[in-house]
1. Which of the helices (runs of 4 or more DSSP H) contained wholly in the range 163-255 include at least 3 residues that are out of contact with any Pro (no Cβ under 9 Å at 6 or more places or on another chain) and more than 28 Å from residue 79 (Cβ to Cβ)?
2. Of all residues in the range 194-208, count the ones that are without any contact (Cβ under 8 Å) to a residue 40 or more places away in the chain and not acidic (Asp, Glu).
3. Output the residues belonging to the range 17-56 that are free of Cβ contacts under 8 Å to residues at least 60 places away in the same chain and of a type in the set (Val, Ile, Thr).
4. How many residues are of a type in the set (D, E, K, R) and under 16 Å from residue 24 (Cα atoms) when one looks only at the range 160-208?
5. Would it be correct to say that residue 175 is surrounded by fewer than 20 Cβ atoms within 10 Å (Cβ to Cβ) and of a type outside the set (S, T, N, Q)?
6. For the range 209-238: of the residues being in contact (Cβ under 8 Å) with a residue 24 or more places away in the chain and of a type in the set (Asp, Glu), which is surrounded by the fewest Cβ atoms within 10 Å (Cβ to Cβ)?
7. Residue by residue through the range 256-281, note down the ones that are within 23 Å of the chain's Cα centre (by Cα), at pLDDT 50 or above and not in a loop (DSSP other than H, G, I, E, B).
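The values are calculated or read from the model by the stated rules, or taken from the named source; none is laboratory data. Just so it is clear, the model here is predicted, and its values are computed rather than measured. Heads up, the Cβs are rebuilt from the backbone with ideal geometry, glycines too, and the neighbour counts pull from every protein chain shown.
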Amino acid sequence: MSSLALSLIAGFLIAIIATIGYVSLFIAEKRLATIILIIVPFAAGSLLAAAFVDLIPEAFAQAGECAPLLILIGIGAFYLLDHLLLVYHSHAGHRLPQHGHDSKCCPAKPLGVLNLAADTLHNITDGIIIASAFLVNPGLGISASIAVALHEIPQEIGDFGILLWSGYNKLKALWLNLLVAFSILIGIAMVFLLSDMIDGFTMYTVPIAAGGFIYMALANLLPEMREEHDTKKRFLQVGIVVLGIAVQFGIHAGLESLGIYHAHGHEHDEEHAVLHVDEDREHGRMILDDHEHEESDHHEGEDNFEQR
């Protein structure tokens with residue numbers, strides 16, 4: 001299956017997660033809070049592991065000495081995206097939808113519109129990350145998609161809550177959230193169009209994506225854990241972060257063992273070995289040519305001696 005097809009399938013599945021906001025209305029509020037308590041640190045661990053285990057090694061393999069600078073650019077770009085465009089979105093992002101009747105008041109309709117615009121940009125960015133990863137290899141794409149999907153679960157619940165709080169009814173909030181979620185396909189299309197026009201396109205997007213994952217984990221998700229005042233729950237969340245990292249490690253190892261994830265280091269070793277074999281063969285040919293040349297000179301010398 002092509003990289004484009006895999007990217008579109010992943011984008012479609014992640015977009016469907018937008019419906020979880022509506023589904024959350026049918027979950028008891030305490031149980032929903034427990035789900036958020038678990039999924040936020042798990043997503044943070046998954047994002048960090050995907051960045052350091054999958055994206056950063058690939059970034060160094062592709063961009064070399066430029067990788068650290070591009071990773072920092074990624075962190076800075078996501079910081080600006082968060083604070084300039086998602087100013088209302090970031091800390092309200094995990095607002096739980098209100099159970100019961102639709103909101104009759106309209107306290108912040110502009111906030112809902114701004115949230116939709118910001119979420120559109122956020123989803124396009126997710127599409128760019130996913131498509132860039134699949135362009136490198138399927139395993140990297142799968143790892144990145146899982147990390148993005150986990151991050152989207154609390155994000156979409158929060159987005160739905162913001163739309164309800166802004167005065168939209170449940171059905172309209174569902175359809176608007178779902179429509180915006182499919183903007184992830186725009187990001188995917190952009191990557192494949194630009195990759196045809198720009199050589200080495202993923203050399204820039206992969207390290208920037210790594211920086212984005214680091215920022216999302218450290219600035220958006222982990223700070224949510226500080227709002228928990230129960231000491232036992234805090235320790236539980238730390239354990240869940242570690243679990244998220246471990247699961248992502250396991251996914252990486254599993255994909256690699258199945259041959260889906262092609263470790264760049266192994267490819268480099270194979271290329272290096274092939275290069276050495278070619279060099280040895282060339283060296284052997286040179287020795288053989290020199291030997292034949294010496295024998296030819298020797299025979300010519302003998303012929304000249306006999307003629308004399």
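1. Fully inside the range 163-255 and qualifying: 170-181.
2. 3
3. Selection gives 23, 27, 34, 35.
4. Here the count works out to 2.
5. Answer is yes for this residue.
6. Taking the candidates together, the pick is 228.
7. 256, 257, 264
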